[in-house]
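What follows is a single structure, written as structure tokens, with notes after it.
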Amino acid sequence: MDLVVLTQQMINGLVNGMSYVLIATGLTLVFGVLRIINFAHGEFYMLGAYLTYYAVSLAGLDYAVAAALATLLVAGLGILANRLFFWPLRREHEFTILLSSLGLALLLSNGGEFLFGADPKYVDSPFADETIDLGPLVVTEQRLLIFAAASLVLALVYGFIRYTRLGKMMQATAQNPEGAALTGINIGWVHSYTFALACGLAALAGALVGPTAMIFPTVGNWAVLKGFIVVIMGGLGSVPGALVGGLLLGVIESLGGGYISLGFMEAIGYAMIIIVLLWRPDGLFSTAKAR
């Protein structure tokens, strides 16, 4: 019986971890390529969840179509946010860009409360209440969808960065922006589609997790906190680090909540940050020293 409970908790943790990975991958891409720490990243998660909710409840779209549409729309908003809030400040001090991201976060969260209201909502999904029995283990179809969709998207993102021309332009910009510009790479274009990709990943996470948890205008605070815990653990700028850090955080949180207390679960992330910073200040997979 104890083994069943342990397995169930680990499955729940892996699913939660994959949602963290989606959020953290966008954060680490923006930092790795653009050298921007974006505190407004969680608000794009919130927008993805809300756009999916309204596309399903008001427009009557199928959940999968609504999630895909929300992801694309928020990716487009990411391009606009980059052009208005970050690209004009690219030559300014990093602290100025940081304050700009904080201002954008406040604008989006307060704008979300004005537009969507403060009442919590749930995204309606046909998979949310359907369960799959794996012997003594029970998993909802929505949670399996989260894990499968996140795994597929992350594999596609990795292939895009590693093997496509646009991905190699991202790598070149991350290594040496001035040198990349001298070789003819349009740095502005790289900034735009990198930001679009990052915001799209956050929106997809919101669309997938929305049917399993309440959504409200300040849910982005939770999302960006989890994202930063993961990227600090894995190392800013490291996509493999985001994957390992997210899964590790999800599993440890689930085990802590199941075997100790749900109240203790939220403290686990902070404890993990302290341990990692004491042991490896640059994160588990950081390449900061090499750069």
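Give me the percent of accessible area attributable to carbon and sulfur for the stretch 175-291, probe 1.4 angstrom.
71 percent
What is the magnitude of the charge dipole of the chain about its Cα centre, with +1 placed on the Cβ of each Lys and Arg, -1 on the Cβ of each Asp and Glu, and no other charges, expressed in debye to the nearest 20? Could you put the intermediate results ahead of the total?
Values: 13 positive and 16 negative charges, 253 e Å.
It comes to approximately 1220 debye.
Highest mean first, how do 150-159, 199-208 rank when packing is the count of other Cβ atoms within 10 Å averaged over residues? The partial results should precede the final answer.
Working: 150-159: 15.3, 199-208: 30.6.
Top of the packing list down: 199-208, 150-159.
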Discussion item. Compute the helix-to-body angle for 187-209: its Cα long axis versus the longest principal axis of the chain, expressed 0 to 90° and rounded to tens.
Written reply: 10 degrees
Worksheet item: How much of the accessible area of the stretch 62-148, probe 1.4 Å, is carbon plus sulfur, in whole percent?
Response: 66 percent
Discussion item. Give me the extension gain from L58 to W279: residue separation times 0.36 nm, minus the current Cα-Cα distance, reported in nm with one decimal.
Written reply: 74.6 nm
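Using only the heavy atoms of the protein chains and a 1.4 Å probe, how would W222, W87 rank by accessible area, largest first? Spell out each step's value before the answer.
On the way: W222 80, W87 50 Å².
Listed by decreasing accessible area, they come as W222, W87.
Probe radius 1.4 Å, ligands and nucleic acids left out: which of F95, F31 has the largest accessible area, and how do the rest follow? Walk me through the numbers before you get to the answer.
Numbers: F95 115, F31 35 Å².
Highest to lowest solvent-accessible surface, that is F95, F31.
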Discussion item. What's the ranking of 246-256, 43-53 by average number of surrounding C-beta atoms within 10 Å, highest first?
Written reply: 43-53, 246-256
Worksheet entry | [x] 62, 48, 34; [y] 76, 50, 33; [z] 60, 43, 30, with the label sought being that of the calculated Cα extents along the principal axes in Å | [x]
Item to complete: Could you do me a favour and compute the accessible area per residue for the stretch 40-116, 1.4 Å probe, result in Å²?
Response: 51 Å²
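Order these peptides, 257-267, 17-27, by their mean beta-carbon neighbour count within 10 angstrom, highest first. Could the numbers behind the result be given before it?
Working: 257-267: 13.1, 17-27: 28.7.
For the peptides 257-267, 17-27, the packing ranking is 17-27, 257-267.
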Worksheet item: Which value, in Å² rounded to 10, gives the accessible area of S109 with a 1.4 Å probe and all protein chains present?
Response: 20 Å²
Worksheet item: Short version: ³J(HN,Hα) in whole Hz for each residue of the stretch 216-231, in order, from phi by Karplus 6.51 cos²θ - 1.76 cosθ + 1.60 (θ = phi - 60°), x for Gly and Pro, what are they?
Response: 8, x, 9, 5, x, 4, 5, 5, 5, 5, 4, x, 5, 4, 5, 6
Worksheet item: Largest first, what is the accessible-area ranking of K121, K226, K168 with a 1.4 Å probe?
Response: K168, K121, K226
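Per residue, how much accessible surface does the stretch 144-228 expose to a 1.4 Å probe? Answer in Å², no decimals.
On the way: 3640 Å² over 85 residues.
Counting only protein heavy atoms, the per-residue value for the stretch 144-228 is 43 Å².
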Worksheet, complete the sentence: Taking the chain and counting helices only, DSSP H stretches of n ≥ 4 at -39,500 (n - 2.57) each over all residues, the nearest-500 ellipticity at 222 nm comes to -24500 deg cm²/dmol
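The values are calculated or read from the model by the stated rules, or taken from the named source; none is laboratory data. Just so we're clear, the structure is a prediction, and the values are computed from it rather than from any experiment. Virtual Cβ from ideal backbone geometry, glycine too; neighbours counted across all protein chains shown. Protein only, heavy atoms only, side chains kept; ligands, DNA and RNA dropped before computing areas. Shrake-Rupley method; radii C 1.70, N 1.55, O 1.52, S 1.80 Å.
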